[in-house]
Amino acid sequence: MRHRQFLRLLERTPGCSVTDLGCGFGDFLRFLRNSGHRGHFTGYDIAASMIEKAREIHGEGEDRRWQVGAEPDQVADFAIASGIFNVRGDVASEIWTDYVFRTLDVLARAGRRGFGFNILSLSSDPDHRRPTLFYADPATMLSHCISRYGRSVALLQDYGLYEFTVLVRHPEAID
């Protein structure tokens with residue numbers, strides 16, 4: 001369900017290149033391939049053990065690459081971040097919010113045509129929230145992205161999870 005939201009950003013471009021920031025074991029690559037996407041994929045994660053496991057599961061080749069790191073070293077057509085903003089531990093919300101905004105700038109630079117991310121929603125039921133997780137206000141995130149990256153921004157929160165997805169298309173990349 002979560003990965004499916006990003007297909008809207010990638011639609012009509014089955015050969016586009018994708019960067020996955022915080023790729024973990026590479027589940028998004030498997031989802032993309034099962035959805036018909038054939039473009040180049042690069043997964044980045046700060047945990048070397050995650051990258052090692054992704055290589056073990058998916059291998060490397062001309063159509064996929066795995067890198068340890070927090071910032072992509074190459075630009076792709078689209079950059080995706082799924083789940084990397086959710087666990088803040090004991091970091092103060094204000095500091096975590098700054099981290100989220102800085103990382104969105106990284107995604108904006110990493111995706112020449114656009115980027116997408118998901119994040120837990122403050123519109124979730126309060127009794128389901130946990131103190132070590134980060135919950136963002138959808139309206140605040142939408143406003144931030146529009147003011148910083150342009151008006152071609154979509155907020156998706158109708159897919160049944162306690163999160164929302166934001167898709168940003170760079171104005172110069174809109175067909």
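The values are calculated or read from the model by the stated rules, or taken from the named source; none is laboratory data. Computed from a predicted structure; not experimentally measured. With ideal geometry, Cβ positions are generated from the backbone for all residues, glycine too; neighbour counts draw on all protein chains shown. Side chains included, ligands, DNA and RNA excluded: accessible areas come from the protein's heavy atoms. Shrake-Rupley method; radii C 1.70, N 1.55, O 1.52, S 1.80 Å.
Three principal axis extents describe the C-alpha atoms of the stretch 82-175; from largest down they are 43, 27, 20 Å.
In terms of the mean number of neighbouring beta-carbon atoms within 10 Å, the peptides 137-144, 15-22 order highest first as 15-22, 137-144. Scaled to the globular estimate 2.2 N^0.38 Å, the Cα spread of the chain, given as radius of gyration, is 0.99. Computed per residue of the chain from DSSP H runs no shorter than four, each worth -39500 (n - 2.57), the mean residue ellipticity at 222 nm is -9000 deg cm²/dmol. For the set D45, D27, the ranking by accessible area, highest first and with no ligand, DNA or RNA atoms included, is D27, D45 under a 1.4 Å probe. Spin-label pair L161-F31: with each label point 7 Å from Cα along the Cα-Cβ axis, the two points sit 0.5 nm from one another.
With both labels modelled 7 Å from their Cα along Cα-to-Cβ, the Y99 to T140 distance reads 1.5 nm. Relative to the longest principal axis of the Cα atoms of the chain, the long axis of helix 138-149 lies at roughly 50 degrees.
Here each label is just a point 7 Å from Cα along the line to Cβ, and for V68 and T132 those points are 2.4 nm apart.
Give, to the nearest whole percent, the P(r) tail of the stretch 121-175 beyond 19 angstrom, counting all Cα pairs. Across the stretch 121-175, Cα pairs with separations above 19 Å total 37 percent.
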